[in-house]
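Take a look at the structure below.
The values are calculated or read from the model by the stated rules, or taken from the named source; none is laboratory data. Quantities reported herein were computed from a predicted structural model and do not represent experimental measurements. Cβ atoms come from the backbone with ideal geometry, glycine included; neighbour counts cover every protein chain shown. The area values use the complete protein model at the heavy-atom level, side chains included, leaving out ligands, DNA and RNA. Shrake-Rupley method; radii C 1.70, N 1.55, O 1.52, S 1.80 Å.
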Amino acid sequence: EAGVAQSPRYKIIEKRQSVAFWCNPISGHATLYWYQQILGQGPKLLIQFQNNGVVDDSQLPKDRFSAERLKGVDSTLKIQPAKLEDSAVYLCAVGPLEWSHIQYFGAGTRLSVL
Amino acid sequence: GIQVEQSPPDLILQEGANSTLRCNFSDSVNNLQWFHQNPWGQLINLFYIPSGTKQNGRLSATTVATERYSLLYISSSQTTDSGVYFCAVSTGNQFYFGTGTSLTVIP
């Protein structure tokens, strides 16, 4: 099973500040996802990577959000500047693989924008 | 994108009771997964089930792909089953999640 480490676990910032999240998958999965989960809702895809390339970023607010994947492994998601409505849990996931078909999620980063 | 609807939105059970959670989706899919999100926010995969029936202990799931729905059965519920259950579907690599069923099991 793939381990997906995310950091930090919690972050509190004021609006208009910048913030960055990190995702460090233990296993080498070609596909990596960032999701935004607002309280009371299901996760919503922000961006999907295949190796180093972006497959889908149609729901990423590109005026303030950016993401990159380094050497097809680790990934960072940045928000600059943050708005109140960005308060959410940001989840990183990897997979599926041809032989596994399932997604593995990290524990997430809970962001509060004041 | 694909619309995913889950029902019921909330469920409260006495420990030991059984329950059925439903997931309806609006288009044909090649991947369907059920997840449990525990009170600490961790999403754990329960089943990969684009069609057919699977069982794992007290949990089982059935997907009828031709009718675009999936069911998750929980038998003899325990307090540790509490949390939110999500259905997620995909036609390729992008996954669409439902809004979840929040389950509370009381002792």
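Observations on the structure shown:
- Ligands, DNA and RNA left out, the 1.4 Å accessible surface of chain B is 48% carbon and sulfur atoms.
- Considering only A:K11, A:K44, A:K71, the Gaussian network model of chain A with Cα springs below 10 Å gives its largest mean-square fluctuation to A:K71.
- Shielded by partner chains, segment A:32-46 residues - at least 20 Å² of accessible area, 1.4 Å probe, vs chain alone: A:Y33, A:Y35, A:Q37, A:G42, A:P43, A:L45
- Between B and A, accessible area buried - total, square angstrom, nearest 100, 1.4 angstrom probe: 1500
- Label reach from B:S7 (point 7 Å along Cα→C-beta): in segment B:23-43, amide nitrogens under 11 Å belong to B:23-24.
- In the distance distribution for chain A, Cα-Cα pairs more than 16 Å apart total 56 percent.
- Listed by chain and number, the lysines placed with their C-alpha closer than 24 angstrom to that of A:K71 are A:K62; residues fewer than eight positions away on the same chain are left out.
- Across chain B, the relative contact order, built from alpha-carbon pairs under 8 Å that are at least six residues apart, equals 38 percent.
- Accessible surface of chain A, 1.4 Å probe: 51 percent of it comes from carbon and sulfur atoms.
- Accessible area (Å², per residue) of chain B, counting only protein heavy atoms and a probe of 1.4 Å: 46
- Probe 1.4 Å, protein heavy atoms only - accessible area per residue of segment A:24-114 in square angstrom: 45
- Calculated over segment B:1-100: convex hull of Cα atoms, volume per residue (Å³): 90
- Centroid-to-centroid separation of segment A:75-95 and segment B:26-92 [C-alpha atoms, Å]: 25
- Alpha-carbon gyration tensor eigenvalues x 5, square-rooted, for the protein assembly as shown, Å: 29, 20, 15
- Residues in segment B:36-73 occluded by at least 40 Å² - accessible area, probe radius 1.4 Å, against chain by itself: B:Q42, B:L43, B:Y48
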